[in-house]
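Enquirer: Sharing a structure below in structure tokens format, with a few things to ask.
A short reminder: the numbers here are calculations on the coordinates, not readings from a lab. For clarity, every value in this text was computed on a predicted model and none was experimentally measured. Using ideal geometry, Cβ is built from the backbone for each residue, glycine included, and neighbour counts are taken over all protein chains shown.
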């Protein structure tokens, strides 16, 4: 009974995140910026908001009102969509780490998430996340420098059946219509690798 209940909860959660991705893709560039700000403020593990958080939250709430009206949503519905999303700056990707190592390191060190929460967010086993994080720390001990971010990637894309690299390449290609060279520069990979990964991801998605 518990097993089926857990499976149902996980399936419902995945469906909610897919709905959030679908909603985000419909937004204009300005609306996406506002939605990202809201989503990154409502952190999955943050139980208590500080006074400054509340002030910032109120500003975000006011700025989201046009989106609420445009898409005929209640504020609760809009916040629920935002809670299902968390966005990563494309600047965290580098040649020293795999895409998944960069994602796990950022969520652990910048967002202060537990390994269990990270495993839930990216759909990987917690023991695997522990191993990935330790590997990332050894390869890249510095903190990420996040500035001048042009592209943001939703964490929820990593719940798909694709590898982390396939997921991010597919997202950058289809969401922003970037060419292979631009994606290669962003991810610090070879152009040919990006082409191969994209073709493989499309084939997997078509199945």
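Enquirer: Once you have the Cα-Cα distance between residue 135 and residue 190, take 0.36 nm times their residue separation minus that, and quote the gain in nm to one decimal.
Expert: Separation in residues times 0.36 nm, less the Cα-Cα distance, equals 17.6 nm.
Enquirer: Oh, and also: log₁₀ I(q)/I(0) of region 86-207 at q = 0.12, 0.16, 0.23 Å⁻¹, via Debye over equal Cα point scatterers, no solvent, to two decimals?
Expert: -0.41, -0.74, -1.47
Enquirer: Can I ask one more? Say each of residue 205 and residue 74 gets a label point 7 Å from the Cα, pointing the same way as Cα to Cβ; how far apart are those two points in nm?
Expert: Computed distance between label sites residue 205 and residue 74 equals 3.3 nm.
Enquirer: Hey, rough spin-label estimate for residue 114 and residue 27, points 7 angstrom out along Cα→Cβ, what's it come to in nanometres?
Expert: Between residue 114 and residue 27, the simple spin-label model gives 2.8 nm.
Enquirer: Next question. Taking only DSSP H segments of four or more residues, each worth -39500 (n - 2.57), what value at 222 nm results for the chain once the sum is divided by all its residues, to the nearest 500 deg cm²/dmol? Walk me through the numbers before you get to the answer.
Expert: Numbers: 10 runs with 137 residues, N = 207.
Value at 222 nm, helices only, nearest 500: -21000 deg cm²/dmol.
Enquirer: Calculate, in nm to one decimal, what residue 147 and residue 127 gain on full extension: separation in residues at 0.36 nm each, minus their alpha carbon distance.
Expert: 4.1 nm
Enquirer: Something else now. Tell me whether the chain comes out rounded, prolate or oblate; compute the Cα gyration tensor, take square roots of the eigenvalues as a ≥ b ≥ c, and use a/c under 1.5 as the rounded threshold. All intermediate terms of the calculation are to be shown ahead of the outcome.
Expert: Values: a/c = 1.36, a/b = 1.27, b/c = 1.06.
Rounded is the answer for the chain, as its axis ratio a/c remains below 1.5.
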